[in-house]
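Enquirer: Below you'll find the structure I mean.
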């Protein structure tokens, strides 16, 4: 019998956390011969063993081959200081249960440091230090590839399936976090690479991510590297070396890996997306999930039990027949708890998975639920929270009983549930009424509840089968009162549809037309979305309006798919931002992403004038730093003229005494200092403003007019600009070619800053703000001059502009600005030169795409490279990155922009500007290109082999020489005399003859004329051969 071993994995020794953080301690049990039953005990101590402050031997795990165990330590209430981890192992060989062995594997070898948090609020890093605020505390640790296989030896088989775990400690609040990871060999050649990014704004400073990959196919020594980037800068890294060299098999016949179950919990409504979580507020839903790795095909049985402060809460079980031999890893949401179903307290979830044969895995997971607020008001609520009633509807057809507001007639039964949170001990009376398209449904229902101990109550109020309620819009009204000091009256809207399909739309669809009108309008005006849809037409669509590719949403909702919808814009919108409208297919109150389309609108300033060098627009946006609060909603702050919600999603208008760190109503000066640290005073404005506020966790938007407070900044910290300044701008030359240098000079009067902003961008010809593409955007010294070399690849068919404005901070100030336009020309003049330019230096309009791992994909439309507007589409594969991975789906990616694409063919590499996630930072590089091959004219001959792609009677080469689009049947060369030689070629021939006459007085043509004749002859000869 080989004894089992215990290995400590995380957190890294000497890590630093804030007191109050939940720290996940991970160890690994290994048993090389698989014949032992092991028990693990982990403790944390400060000082001597007699001062042990925390321990757990309740997490008993059967360790067959290898098992990773995570213990959660909630440090709330512990003093700052150094704490040590100690782990103990006992085991028996499973046959002689009377004999037990024990041993201490680690004793004071690993430590962590707890520090007192300087955080005075629920979010924002201004003025705070320590774990969660200072990037120097952030660490990343990788485990899995050298630990979980073959007893932790780090020896893997070629192409072995591997799950690598990466844990970030002291993740920085309100920051963009990125993990970049790869495997390389002893020759520094990269075998596999991946990345994961998220915006971290949760209350936890830990974050976990796992990567499913395969070991290299060649024997040798390898290393796994992970780097942690915070706001674009690398801050930490870790590595995990391993060896590929033996053909190992697990205990199930799956070559190279061992069956493993990892369980955890998360909030499915978290705005950050999927993120493991072990501490929840009582007003958060909870999903328990299990990740099954490396299991062979077969029949399995699972059981799930949850224990809490009142004993057992759930006991569920089921069977699974796993038949897909091509994928032996999967994730399952085992159970979902709606808001309020579980009361505050400590919980343990036990999960078992077995085939009743040689494979059994039993694991456990701890999580904590705390009261959603720290209120101590006089409204009769339970200690530490306020009485609240939440309504939701769902259907039993939904596997996990998740909330929904759209139901299909004949398919979904409807269950109405009311969750009562933080109610005091008393007798309560309730009433419930439902109104629909024909008035009241049945009659009002009444009842009573005697809450002898107070707390939370979860009730099913109504249940209707799928044919009871006809299609239409409904509102459910519900009241709950003790007829004394607590009365809660709430409502809930839902929709019943009858589309006759009785199932989700799963095929293909498209939006042939989509626009928002008027295109240019002022803040506060009505905007109307108009669209048409073909293919599988969904019952609803999702519409949105946002700026900065999702930086700020002004509208977001699912509406009936009737082709039109009108909204009223907020009265405060920054005219200097780019605004995007969006439509997407939707079903059952959820977006389906089967088809979608983007558009743009322009928000005008009140005095916006015509575009040109003489334009001088007065400032219209109020840039004053200011805040606004609305009780029950998340606080708002105005940055550079745009109202922004607090990213922590919990900062509110209550007082500190009632709401703790989430209450800012009596701390407005400190709240201003979260965003503008130099604030010295707060002043209430005379007039309120119309602002979009959000409910808790920035989930639902509400437009309202509320008071506003100015954040008065210390005068010495900000340049005293009054907003009175002007530019005299000169652009030379106004016509130039690729490779030429553009010179911008200017003079300023009035308030003159030390820096200016320069931008160089282009738009679709004749359409201002349509298809905008920035080629340069930077802040430079206000020295009166700027030179820029026009790069290769500029399309002469677009409109080009240069923009300059005054800079106060690292952003546009809008105190004064000016536009100027210029024209990028083809590199020649005259008919002959134009023909040669068209043939040998014309814009390549071939539909094509390019990908660069770690950057947003690019596509070329009509000769211009454009970044993917979703800001997330990348070069990874679908298995790794889901819908964002297009590396192994290039055909489908082409079809996003050119639906008629039938195949993909490699082309030569090109120099292209790529962007990081969210289309934030630009990088110029040379990358491979793939043509999106089509059959434009539908004649059965693919375009690369078709002499006349658009079948307009003009060969592609002649259209190129004549300057028309060979892919557009409506764009044909001018041919005044009908001789099948376009007018441009006729003129070019005339020029050649004229040159010959002038140069040689009727004798043999000169060299330039011979060259021209040869070029024209070759062009027409090639054209006629191809057309034949």
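Enquirer: Being closer than 19 Å to residue 699 by Cβ and part of a loop (DSSP other than H, G, I, E, B) is the filter here, so list the residues in region 651-666 that pass it.
Expert: Initially, region 651-666 is screened for residues closer than 19 Å to residue 699 by Cβ, giving 651-654, 659, 662.
Hits for region 651-666 are 651, 653, 654.
Enquirer: Let me ask you something else. Quick check on region 337-346. Is at least one of its residues farther than 30 Å from residue 478 by Cα, in contact with a strand residue (DSSP E or B) (Cβ under 7 Å, 6 or more places away or on another chain) and modelled with pLDDT of 80 or more? Before you say what the answer is, go through the steps one by one.
Expert: Taking region 337-346 as the starting set, the residues that turn out to be farther than 30 Å from residue 478 by Cα are 346.
Then keep just the ones that are in contact with a strand residue (DSSP E or B) (Cβ under 7 Å, 6 or more places away or on another chain); that gives 346.
Next, from what is left, pick out any that are modelled with pLDDT of 80 or more: 346.
The answer is yes; a qualifying residue exists.
Matching residues to (1) outside any loop (DSSP other than H, G, I, E, B); (2) within 20 Å of the chain's Cα centre (by Cα); (3) at pLDDT below 75:
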{"site": "208", "(1), (2), (3)": "yes, yes, yes"}
{"site": "221", "(1), (2), (3)": "yes, no, no"}
{"site": "224", "(1), (2), (3)": "yes, no, no"}
{"site": "240", "(1), (2), (3)": "yes, no, no"}
{"site": "253", "(1), (2), (3)": "no, no, yes"}
{"site": "271", "(1), (2), (3)": "no, yes, yes"}
{"site": "287", "(1), (2), (3)": "yes, no, no"}
{"site": "299", "(1), (2), (3)": "yes, no, no"}
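Enquirer: Identify, by number, the condition in (1) free of Cβ contacts under 8 Å to residues at least 40 places away in the same chain; (2) closer than 25 Å to residue 796 by Cα; (3) touching a helix residue (DSSP H, G or I) at 6+ places or on another chain (Cβ under 7 Å) that residue 930 doesn't meet.
Expert: Of (1) free of Cβ contacts under 8 Å to residues at least 40 places away in the same chain; (2) closer than 25 Å to residue 796 by Cα; (3) touching a helix residue (DSSP H, G or I) at 6+ places or on another chain (Cβ under 7 Å), only one is false for residue 930: (1).
Enquirer: Which condition breaks for residue 392 when tested against (1) at pLDDT below 85; (2) assigned to a strand (DSSP E or B)?
Expert: (1)
Enquirer: Could you grab me the full set of residues in region 172-193 that are touching a residue at least 40 places away in the same chain (Cβ under 8 Å) and not in a loop (DSSP other than H, G, I, E, B)?
Expert: Those that are touching a residue at least 40 places away in the same chain (Cβ under 8 Å) and not in a loop (DSSP other than H, G, I, E, B): 175, 176, 177, 178, 179, 180, 181, 182, 183, 184, 193.
So that you can scan it fast, the table gives a plain yes or no per residue for (1) assigned to a strand (DSSP E or B); (2) surrounded by 16 or more Cβ atoms within 10 Å (Cβ to Cβ); (3) modelled with pLDDT of 80 or more; (4) not assigned by TED's automatic domain parsing to the domain that holds residue 694:
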site	(1), (2), (3), (4)
566	yes, no, yes, yes
585	yes, yes, yes, yes
594	yes, yes, no, yes
599	yes, yes, yes, yes
614	no, no, no, yes
619	no, yes, no, yes
632	no, no, yes, no
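So that you can scan it fast, the table gives a plain yes or no per residue for (1) over 30 Å from residue 430 (Cβ atoms); (2) modelled with pLDDT of 90 or more:
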| position | (1), (2) |
| --- | --- |
| 462 | no, yes |
| 478 | no, yes |
| 481 | no, yes |
| 487 | no, no |
| 490 | no, no |
| 495 | no, no |
| 505 | yes, no |
| 509 | yes, no |
| 526 | yes, yes |
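The values are calculated or read from the model by the stated rules, or taken from the named source; none is laboratory data. Bear in mind the structure is a predicted one, so any value in this text is a computation, not a measurement. All Cβ positions, even for glycine, are placed from backbone atoms using ideal geometry, and neighbour counts span all protein chains on display.
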